[in-house]
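This report concerns only the one structure given below.
The values are calculated or read from the model by the stated rules, or taken from the named source; none is laboratory data. Computed from a predicted model, the values in this text were never measured in an experiment. Cβ placement follows ideal geometry from the backbone for every residue including glycine, while neighbour counts extend to all protein chains displayed. We work out accessible area using only protein heavy atoms, side chains counted, and drop any ligands, DNA or RNA first. Shrake-Rupley method; radii C 1.70, N 1.55, O 1.52, S 1.80 Å.
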Amino acid sequence: LQTEILRLQGFRPANNSAIDLGLGPILNSFPDHTFPLGAIHEFMSDRPEDAAATSGFIAGLLSPLMGVTGTSLWISYSRTIFPPALKSFGIQPDRFIFIELQKERDVLWAMEEALKCAALAAVVGEVQEISFTGSRRLQLAVEQSQVTGFVLRHNPRKENTTACVSRWKVSALPSEPIGSETGDALPGIGFPQWRVELQRIRNGRPGIWNIKWVD
């Protein structure tokens, strides 16, 4: 019964836990200790550096989600991602279809249509605002296709209620030099580190973690 309730609330069955997203203890915050696939996740950022950190964190999630053959869409009206940087997270840029539109409402429309395509691994949409009705339309789309959606809200005017399964806020932390943990640090910038705040998760437990992406 609990599994069926979670399914009705937008969670994919736990048999998708075979996909290891590398989240470690963060998984304890999710129902069945499984990152909700086939759902819409909302990310908030107030500053450009936080938007960059958010894109990096999402790229880290997409890398195992897309595997070696998956394709995803990245839709925006003002793209913030630098495609060649995706290689740092094990993703070739040509595995993405980048769509740039002039109006935010067109981004939401294109995202809704893309989320209906079960052949995609994921759809990322960059917007500033999204209404409860708009987010509900996205959630209804993925409940049929089981595609995972990520809504990146840059500098939103208000943190309104949405139908998204989760709400996150990611901010950048200073990186540690590579090899610092062994006392044999190399010069230059180390692997990126983020402060990841899970502000809301349906049927789960919010939390805050400091994490690092390691290639």
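Computed quantities for the displayed model
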item	result
Evaluation of Ala163 against (1) more than 20 Å from Leu62 (Cα to Cα); (2) in a helix (DSSP H, G or I); (3) in contact (Cβ under 8 Å) with a residue 40 or more places away in the chain (one fails), failing number	(2)
Among the residues listed as Phe89, Phe82, Phe98, Phe57, the single one being farther than 17 Å from Glu126 by Cα and of a type in the set (Phe, Trp, Tyr)	Phe89
Complete set of residues in segment 129-139 that are hydrophobic (A, V, I, L, M, F, W, C) and more than 18 Å from the chain's Cα centre (by Cα)	Phe132
Pair list, Cβ under 8 Å, 6 or more apart: segment 61-83 residue more than 14 Å from Met111 (Cα to Cα), other residue open to solvent by 20 Å² or more (accessible area, probe 1.4 Å) and part of a helix (DSSP H, G or I)	Leu62/Phe89; Ser63/Phe89; Met66/Arg95; Gly70/Arg95; Thr71/Arg95; Thr80/Pro48; Thr80/Ala52; Pro83/Pro93
Residue list for segment 85-112, filter: part of a helix (DSSP H, G or I), out of contact with any Pro (no Cβ under 9 Å at 6 or more places or on another chain) and farther than 15 Å from Ser55 by Cβ	Arg95, Glu104, Arg105, Asp106, Val107, Leu108, Trp109, Ala110, Met111, Glu112
Residue match in segment 147-161 (condition: over 17 Å from the mean Cα position of the chain (by Cα), more than 19 Å from Arg200 (Cα to Cα) and surrounded by 13 or more Cβ atoms within 10 Å (Cβ to Cβ))	no
Options Val142, Val170, Val147, Val151; residue that is more than 18 Å from Ala114 (Cβ to Cβ) and either of a type in the set (Val, Ile, Thr) or modelled with pLDDT of 95 or more (or both)	Val170
Matching residues in segment 59-82 - criterion: being touching a helix residue (DSSP H, G or I) at 6+ places or on another chain (Cβ under 8 Å) and part of a helix (DSSP H, G or I)	Ala59, Gly60, Leu62, Ser63, Met66
Only listed residue being under 16 Å from the mean Cα position of the chain (by Cα) and assigned to a helix (DSSP H, G or I), chosen from Gly56, Gly125	Gly56
Restricting segment 32-53 to residues that are out of contact with any strand residue (DSSP E or B) (no Cβ under 6 Å at 6 or more places or on another chain) and in a helix (DSSP H, G or I), the residue that is nearest to Val151 (Cα to Cα)	Ala52
Among (1) surrounded by 14 or more Cβ atoms within 10 Å (Cβ to Cβ); (2) at pLDDT 90 or above; (3) among the hydrophobic types (A, V, I, L, M, F, W, C); (4) farther than 20 Å from Ser166 by Cα, the one test that Val123 misses	(4)
Any chance Ile75 is at pLDDT 95 or above, open to solvent by less than 20 Å² (accessible area, probe 1.4 Å), within 16 Å of the chain's Cα centre (by Cα) and of a type in the set (A, V, I, L, M, F, W, C)	yes
